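Report on one structure; see the data block that follows.
We did not get these values from a lab; they are worked out from the coordinates using the rules stated. The shown structure was predicted, so the numbers you read here are calculated from the model rather than taken from an experiment. Note: ideal-geometry Cβ built from the backbone for every residue, glycine included; neighbour counts use all protein chains shown.
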């Protein structure tokens, strides 16, 4: 039996580990990874380079979506660009996306922050079929878990990362062998609600008004204080004053 061809689109640690899992199981899954598209985002861990991993495994690097060859499967894990219908059509069998949030509640970006701002009690991660709309396609598999009390955004990210890697490893073999079912997201809208957020929104929710009540201020800090990124802040006159989780007092 000829091997099925896979194009991998990904970034960040979760993308690295999912690609590595596929590499380790190529023979078992009867697949050949024929290309990688990645911006190699090193924000979270500079040691986890998808491009270096692909180069070590002789997987071709593809520079742009319009250069993608035909394949059997497209697998997207935290890829930074939105695929158009003609890009998705390059997959003859199926194009899937691992979205690190529950669907249809949180489509788009910065979903961890908005779940904390919304005071949600549950979060999750989802593998879904890709269509031309953002995080809109049918759900193939999902994993959900409670959000801890007074959770910070980096804690929710880490919980979701672990759940996402487990979800991928538990389901990818069945997906590649066409042993799965799909559930339209519209079937869950009334029960779960839906929203979509964009990268540009994070700047707005980091700006804190000191006239807010204590609970709202505290929630915005927990939702937006992510190590390695600009912290939440307030404006005093024309000056940005940042919030910090540490206090260094001189003795």
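In table form, for the structure just shown:
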| quantity | calculated |
| --- | --- |
| Gaussian network model of the chain, springs between alpha carbon atoms under 10 Å - residue of 209, 87, 135 with greatest fluctuation | 209 |
| Choice from 85, 54, 28 showing the highest fluctuation, given a GNM over the chain with Cα pairs closer than 10 Å | 28 |
| Top of 73, 188, 123 by mean-square fluctuation, Gaussian network on the chain, Cα under 10 Å | 188 |
| Per-residue [θ]222 nm for the chain (sum of -39500 (n - 2.57) over DSSP H runs n ≥ 4, rounded to 500) | -9000 deg cm²/dmol |
| Peptides 93-106, 158-171 ordered by average Cβ neighbours within 10 Å, highest first | 93-106, 158-171 |
| Estimated D of the range 1-143 in µm² per second, where Rh is the Kirkwood radius over Cα pairs and Stokes-Einstein applies at 25 °C, 0.890 mPa s | 156 µm²/s |
| Antiparallel %, DSSP beta bridges [both residues in the chain], to 5 | 45 percent |
| Normalised per residue, the volume of the convex hull around the Cα set of the chain (Å³) | 159 Å³ |
